[in-house]
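The values are calculated or read from the model by the stated rules, or taken from the named source; none is laboratory data. The model shown is predicted, which means the values in this text are computed figures rather than measured ones. Note that each Cβ is placed from the backbone with ideal geometry, even for glycine, and that neighbours are counted across all protein chains shown. For accessibility, only protein heavy atoms count, side chains too; no ligands or nucleic acids. Shrake-Rupley method; radii C 1.70, N 1.55, O 1.52, S 1.80 Å.
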Amino acid sequence: MESPADAATEITDKRLLRGSRTRRVVLDRAVDIASLDSLEGLSFGRLATDTGLSKAGIQTLFRTKEGLQLATIEHFRGLFVDTVTRPALTKPRGVQRLQALVEHWVDYAARPLFEGGCFQAANLTEFDSRPGPVRDALIENQRVWTELLTGELAYARDHGEIADLDAELAAFQIDAVLKAANTALRLGDDSAVAKVRRIVDGFLTAP
């Protein structure tokens, strides 16, 4: 026979599970909205309408709009890592891994993973001049991504896979090209994918 303590634990576990599922449903919709209208476009009311959940219930999960925005950035980060970064890390370091990072990024933007294309591109310009936790979280995403590109370029250069170059500058340029391609794709220019590949290949020429 189940004890009162066991029954209470089961009820608590089920509530936590429901809370986790609700949070995922809300954040899946939130990243789409933020990719279209930036994080400023998020509201508890809009998410309630779009998900069919109660506004009060969503607000209980995130407390404030800033809390919702930060949770949305964190959710995006996990999805980006699963879609772009982690698959590329299976490739050998250097040129192969860099090519994989770019290919997965292009697929992420061209598919697109989010309704409005690249989440970072949609939000960096909105918050780049607005100090605070949201800006800090977006900057951290950007830092991690560009440092990953820089590291693979430096590795390829130092191991003789590519010509001598400034890895940090090349990473900045590749990131800029990818963001430009995201805009082009949103405008219906599918040739942007081939252009990205040609430009990146230019950085990967043998010495």
>> Criterion first (closer than 23 Å to Cys118 by Cα, more than 18 Å from the chain's Cα centre (by Cα) and open to solvent by 70 Å² or more (accessible area, probe 1.4 Å)) does Lys65 satisfy it?
In response: yes
>> From the list Leu89, Leu39, exactly one residue is open to solvent by less than 50 Å² (accessible area, probe 1.4 Å) and either closer than 30 Å to Asp190 by Cβ or of a type in the set (Phe, Trp, Tyr) (or both). Which is it?
In response: Leu39
>> Can you list residue pairs whose Cβ atoms sit under 8 Å apart, with the first residue in segment 112-123 being open to solvent by less than 10 Å² (accessible area, probe 1.4 Å) and the second being of a type in the set (Lys, Arg)? Count only pairs 6 or more apart in sequence or on different chains.
In response: Gly117/Arg186; Cys118/Lys179
> Is there a residue being surrounded by fewer than 17 Cβ atoms within 10 Å (Cβ to Cβ) and in contact (Cβ under 8 Å) with a residue 40 or more places away in the chain anywhere in segment 195-204?
Replying inline: yes
>> Out of the residues in segment 124-144 meeting the condition of being touching a residue at least 60 places away in the same chain (Cβ under 8 Å) and within 11 Å of the chain's Cα centre (by Cα), tell me which one is most open to solvent (accessible area, probe 1.4 Å).
In response: Asn141
>> For the list (1) of a type outside the set (Val, Ile, Thr); (2) in contact with an Asp or Glu (Cβ under 9 Å, 6 or more places away or on another chain); (3) crowded, with 16+ Cβ neighbours inside 10 Å, I need the number of the one condition that Ala48 fails.
In response: (2)
> So which residues in segment 151-175 are part of a helix (DSSP H, G or I) and either of a type in the set (D, E, K, R) or open to solvent by 50 Å² or more (accessible area, probe 1.4 Å) (or both), if there are any at all?
Replying inline: Glu152, Tyr155, Arg157, Asp158, Glu168, Leu169, Phe172, Gln173, Asp175
